[in-house]
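Q: First the structure, which I've put down as C-alpha coordinates, then a few questions once you've had a look.
The values are calculated or read from the model by the stated rules, or taken from the named source; none is laboratory data. Computed from a prediction, not measured in an experiment: that's the story for all the values here. Note: ideal-geometry Cβ built from the backbone for every residue, glycine included; neighbour counts use all protein chains shown. These area figures cover heavy atoms from the full protein model, side chains too; ligands, DNA and RNA do not enter into them. Shrake-Rupley method; radii C 1.70, N 1.55, O 1.52, S 1.80 Å.
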Amino acid sequence: SNCQRFLSAFRKYFPDFEALFAVKANPNPDILKIIAEEGFGMDCSSESEAWISEKLGAAGMYTGNYTSGEEFLFVKDKGMLLNLDDISMLPTLARLGMPETLSFMVNPGVGKATMESCVLAGPDAKYGVPFEKAPEAYQKAKELGVKHFGIHMMTGSNVPMDEKDYFAKIAAKLFEIVADIKKKTSIEIEFMNIGGGFGVPYHPDEESLDISAVAESVSDMLDSQCEK
(Lines give C-alpha, C1' and ligand atoms only; values in the text may rest on other atoms or scores of the structure.)
Protein backbone atom coordinates (compact mmCIF):
# COMPACT_ATOMS: atom_id res chain seq x y z
CA SER A 1 0.00 0.00 0.00
CA ASN A 2 2.93 2.37 0.65
CA CYS A 3 4.30 1.69 -2.85
CA GLN A 4 0.91 2.34 -4.46
CA ARG A 5 0.33 5.48 -2.39
CA PHE A 6 3.75 6.84 -3.35
CA LEU A 7 3.38 6.17 -7.09
CA SER A 8 -0.16 7.52 -7.32
CA ALA A 9 0.79 10.71 -5.44
CA PHE A 10 3.47 11.65 -7.98
CA ARG A 11 1.82 10.28 -11.11
CA LYS A 12 -1.17 12.54 -10.44
CA TYR A 13 1.10 15.43 -11.44
CA PHE A 14 3.80 13.63 -13.46
CA PRO A 15 2.25 10.84 -15.62
CA ASP A 16 5.66 9.49 -16.69
CA PHE A 17 7.04 9.49 -13.13
CA GLU A 18 9.21 6.51 -12.19
CA ALA A 19 10.25 5.57 -8.66
CA LEU A 20 13.47 3.89 -7.54
CA PHE A 21 13.91 2.06 -4.24
CA ALA A 22 17.31 2.34 -2.56
CA VAL A 23 18.42 -1.27 -2.20
CA LYS A 24 20.85 -0.28 0.57
CA ALA A 25 17.82 0.60 2.72
CA ASN A 26 16.65 -3.02 2.77
CA PRO A 27 18.38 -5.62 0.56
CA ASN A 28 16.10 -8.50 1.63
CA PRO A 29 15.27 -10.17 -1.73
CA ASP A 30 11.72 -11.08 -0.67
CA ILE A 31 10.95 -7.47 0.24
CA LEU A 32 12.61 -6.22 -2.95
CA LYS A 33 10.54 -8.66 -5.01
CA ILE A 34 7.32 -7.12 -3.69
CA ILE A 35 8.59 -3.59 -4.34
CA ALA A 36 9.64 -4.50 -7.89
CA GLU A 37 6.26 -6.12 -8.56
CA GLU A 38 4.63 -2.85 -7.50
CA GLY A 39 6.43 -1.07 -10.33
CA PHE A 40 9.54 0.33 -8.67
CA GLY A 41 13.00 0.25 -10.19
CA MET A 42 16.09 -0.16 -8.02
CA ASP A 43 18.71 2.37 -6.95
CA CYS A 44 21.98 0.48 -6.49
CA SER A 45 25.38 1.43 -5.14
CA SER A 46 27.33 -1.85 -5.26
CA GLU A 47 27.86 -4.91 -7.42
CA SER A 48 25.80 -7.09 -5.08
CA GLU A 49 22.84 -4.68 -5.25
CA ALA A 50 23.03 -4.60 -9.06
CA TRP A 51 23.17 -8.41 -9.08
CA ILE A 52 20.06 -8.70 -6.90
CA SER A 53 18.19 -6.20 -9.08
CA GLU A 54 19.01 -8.18 -12.22
CA LYS A 55 17.78 -11.40 -10.61
CA LEU A 56 14.50 -9.65 -9.80
CA GLY A 57 14.19 -8.39 -13.38
CA ALA A 58 14.14 -4.79 -12.16
CA ALA A 59 15.50 -1.83 -14.10
CA GLY A 60 17.39 0.79 -12.22
CA MET A 61 20.20 3.23 -11.64
CA TYR A 62 23.70 2.72 -10.28
CA THR A 63 25.43 5.38 -8.20
CA GLY A 64 28.83 4.26 -6.95
CA ASN A 65 31.62 6.02 -5.10
CA TYR A 66 35.21 5.67 -6.37
CA THR A 67 33.99 2.97 -8.74
CA SER A 68 36.60 0.64 -10.25
CA GLY A 69 36.73 -0.28 -13.92
CA GLU A 70 35.71 -3.85 -13.10
CA GLU A 71 32.64 -2.68 -11.24
CA PHE A 72 31.66 -0.33 -14.08
CA LEU A 73 31.85 -3.25 -16.51
CA PHE A 74 29.75 -5.43 -14.21
CA VAL A 75 27.05 -2.78 -13.85
CA LYS A 76 27.02 -1.86 -17.57
CA ASP A 77 26.47 -5.53 -18.35
CA LYS A 78 23.35 -5.42 -16.16
CA GLY A 79 21.86 -2.62 -18.27
CA MET A 80 21.65 -0.10 -15.43
CA LEU A 81 21.72 3.65 -15.89
CA LEU A 82 25.07 4.97 -14.71
CA ASN A 83 24.96 7.93 -12.34
CA LEU A 84 28.42 9.40 -11.62
CA ASP A 85 29.13 11.31 -8.43
CA ASP A 86 32.53 12.63 -9.49
CA ILE A 87 34.04 14.07 -12.68
CA SER A 88 37.18 11.99 -12.09
CA MET A 89 35.28 8.82 -13.09
CA LEU A 90 34.89 9.96 -16.71
CA PRO A 91 38.34 8.83 -17.98
CA THR A 92 37.81 5.32 -16.58
CA LEU A 93 34.38 5.10 -18.18
CA ALA A 94 35.77 6.43 -21.47
CA ARG A 95 38.33 3.61 -21.59
CA LEU A 96 35.56 1.06 -21.11
CA GLY A 97 33.21 2.64 -23.65
CA MET A 98 30.96 5.60 -22.90
CA PRO A 99 27.24 4.86 -22.65
CA GLU A 100 24.83 6.91 -24.76
CA THR A 101 22.91 7.95 -21.64
CA LEU A 102 24.57 9.22 -18.48
CA SER A 103 23.54 10.98 -15.30
CA PHE A 104 25.50 12.90 -12.69
CA MET A 105 24.81 13.08 -8.97
CA VAL A 106 25.07 16.80 -8.21
CA ASN A 107 25.53 18.39 -4.80
CA PRO A 108 23.08 21.34 -4.87
CA GLY A 109 24.81 23.00 -1.92
CA VAL A 110 22.06 22.35 0.64
CA GLY A 111 21.08 19.32 2.68
CA LYS A 112 18.89 18.24 5.58
CA ALA A 113 18.16 15.16 7.68
CA THR A 114 16.88 14.19 11.13
CA MET A 115 20.44 13.32 12.16
CA GLU A 116 23.51 15.34 11.18
CA SER A 117 25.32 12.18 10.03
CA CYS A 118 22.58 11.59 7.45
CA VAL A 119 23.01 14.95 5.71
CA LEU A 120 24.42 14.05 2.28
CA ALA A 121 24.65 17.42 0.52
CA GLY A 122 25.87 20.90 1.33
CA PRO A 123 29.27 22.61 1.67
CA ASP A 124 30.76 19.81 3.81
CA ALA A 125 29.29 16.83 1.95
CA LYS A 126 31.58 14.24 0.40
CA TYR A 127 29.14 13.04 -2.28
CA GLY A 128 28.23 14.51 -5.63
CA VAL A 129 29.62 16.93 -8.19
CA PRO A 130 29.61 20.45 -6.67
CA PHE A 131 26.89 22.41 -8.46
CA GLU A 132 29.44 25.03 -9.51
CA LYS A 133 31.26 22.34 -11.52
CA ALA A 134 28.16 20.71 -13.02
CA PRO A 135 28.43 22.44 -16.43
CA GLU A 136 32.06 21.30 -16.69
CA ALA A 137 31.09 17.70 -15.91
CA TYR A 138 28.35 17.61 -18.53
CA GLN A 139 30.49 19.31 -21.16
CA LYS A 140 33.27 16.74 -20.69
CA ALA A 141 30.80 13.87 -20.93
CA LYS A 142 29.34 15.35 -24.11
CA GLU A 143 32.82 15.63 -25.65
CA LEU A 144 33.39 11.96 -24.78
CA GLY A 145 30.30 10.91 -26.76
CA VAL A 146 27.36 10.91 -24.35
CA LYS A 147 24.13 11.84 -26.17
CA HIS A 148 21.43 11.79 -23.48
CA PHE A 149 21.68 13.25 -19.99
CA GLY A 150 19.97 13.04 -16.63
CA ILE A 151 20.64 14.70 -13.28
CA HIS A 152 20.31 13.42 -9.72
CA MET A 153 20.73 14.65 -6.17
CA MET A 154 20.45 13.10 -2.72
CA THR A 155 20.50 15.68 0.05
CA GLY A 156 19.83 13.58 3.15
CA SER A 157 18.19 10.54 4.70
CA ASN A 158 15.00 10.71 6.79
CA VAL A 159 14.21 14.36 6.17
CA PRO A 160 11.95 15.57 9.05
CA MET A 161 8.30 14.77 8.43
CA ASP A 162 7.10 18.33 9.02
CA GLU A 163 9.22 19.49 6.07
CA LYS A 164 6.69 18.75 3.32
CA ASP A 165 7.88 21.80 1.33
CA TYR A 166 11.55 20.87 1.60
CA PHE A 167 11.61 18.72 -1.53
CA ALA A 168 10.06 21.49 -3.63
CA LYS A 169 12.75 23.89 -2.40
CA ILE A 170 15.65 21.59 -3.25
CA ALA A 171 14.05 20.58 -6.56
CA ALA A 172 13.86 24.30 -7.39
CA LYS A 173 17.59 24.54 -6.72
CA LEU A 174 18.23 21.52 -8.96
CA PHE A 175 16.12 23.09 -11.70
CA GLU A 176 18.27 26.23 -11.52
CA ILE A 177 21.34 24.03 -11.96
CA VAL A 178 19.72 22.40 -15.00
CA ALA A 179 19.10 25.86 -16.48
CA ASP A 180 22.71 26.87 -15.83
CA ILE A 181 23.98 23.70 -17.55
CA LYS A 182 21.82 24.41 -20.60
CA LYS A 183 22.93 28.05 -20.72
CA LYS A 184 26.64 27.17 -20.59
CA THR A 185 26.72 23.93 -22.62
CA SER A 186 23.46 23.82 -24.68
CA ILE A 187 22.84 20.39 -23.14
CA GLU A 188 19.21 19.42 -22.55
CA ILE A 189 18.69 17.44 -19.34
CA GLU A 190 16.07 14.83 -20.23
CA PHE A 191 15.20 13.54 -16.77
CA MET A 192 15.58 14.71 -13.16
CA ASN A 193 15.88 12.50 -10.08
CA ILE A 194 15.20 14.63 -6.98
CA GLY A 195 16.45 11.96 -4.59
CA GLY A 196 14.78 10.63 -1.52
CA GLY A 197 15.22 10.63 2.21
CA PHE A 198 11.48 10.90 2.83
CA GLY A 199 10.99 10.91 6.59
CA VAL A 200 9.26 7.97 8.28
CA PRO A 201 7.81 7.76 11.81
CA TYR A 202 9.94 5.91 14.36
CA HIS A 203 7.57 6.42 17.31
CA PRO A 204 3.80 5.87 17.73
CA ASP A 205 3.08 9.56 18.31
CA GLU A 206 4.73 10.65 15.03
CA GLU A 207 2.72 11.25 11.87
CA SER A 208 3.88 10.08 8.46
CA LEU A 209 5.11 12.56 5.86
CA ASP A 210 2.25 13.73 3.63
CA ILE A 211 3.52 12.38 0.30
CA SER A 212 0.56 13.85 -1.60
CA ALA A 213 1.44 17.32 -0.31
CA VAL A 214 5.09 16.76 -1.26
CA ALA A 215 4.15 15.77 -4.82
CA GLU A 216 1.82 18.76 -5.19
CA SER A 217 4.45 21.21 -3.94
CA VAL A 218 7.07 19.80 -6.33
CA SER A 219 4.61 20.13 -9.21
CA ASP A 220 3.79 23.75 -8.30
CA MET A 221 7.51 24.53 -8.11
CA LEU A 222 8.17 23.01 -11.51
CA ASP A 223 5.41 25.07 -13.11
CA SER A 224 6.79 28.30 -11.66
CA GLN A 225 10.39 27.46 -12.57
CA CYS A 226 9.41 26.60 -16.16
CA GLU A 227 7.81 30.02 -16.51
CA LYS A 228 11.08 31.62 -15.41
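Q: With respect to the numbered conditions (1) within 28 Å of R11 (Cα to Cα); (2) open to solvent by less than 70 Å² (accessible area, probe 1.4 Å); (3) over 19 Å from the mean Cα position of the chain (by Cα), which one is the sole condition not fulfilled by Q139?
A: In the conditions (1) within 28 Å of R11 (Cα to Cα); (2) open to solvent by less than 70 Å² (accessible area, probe 1.4 Å); (3) over 19 Å from the mean Cα position of the chain (by Cα), Q139 misses (1) alone.
Q: Residue by residue through the range 61-102, note down the ones that are more than 18 Å from W51 (Cβ to Cβ), open to solvent by less than 30 Å² (accessible area, probe 1.4 Å) and in a strand (DSSP E or B).
A: Correct list: L84, L102.
Q: Another question, then. Could you please find all residues in the range 23-38 being touching a helix residue (DSSP H, G or I) at 6+ places or on another chain (Cβ under 9 Å) and not in a helix (DSSP H, G or I)?
A: Selection gives N26, P27, E38.
Q: Check the range 39-56 and report whether any residue there is assigned to a loop (DSSP other than H, G, I, E, B), within 25 Å of G128 (Cβ to Cβ) and of a type in the set (A, V, I, L, M).
A: no
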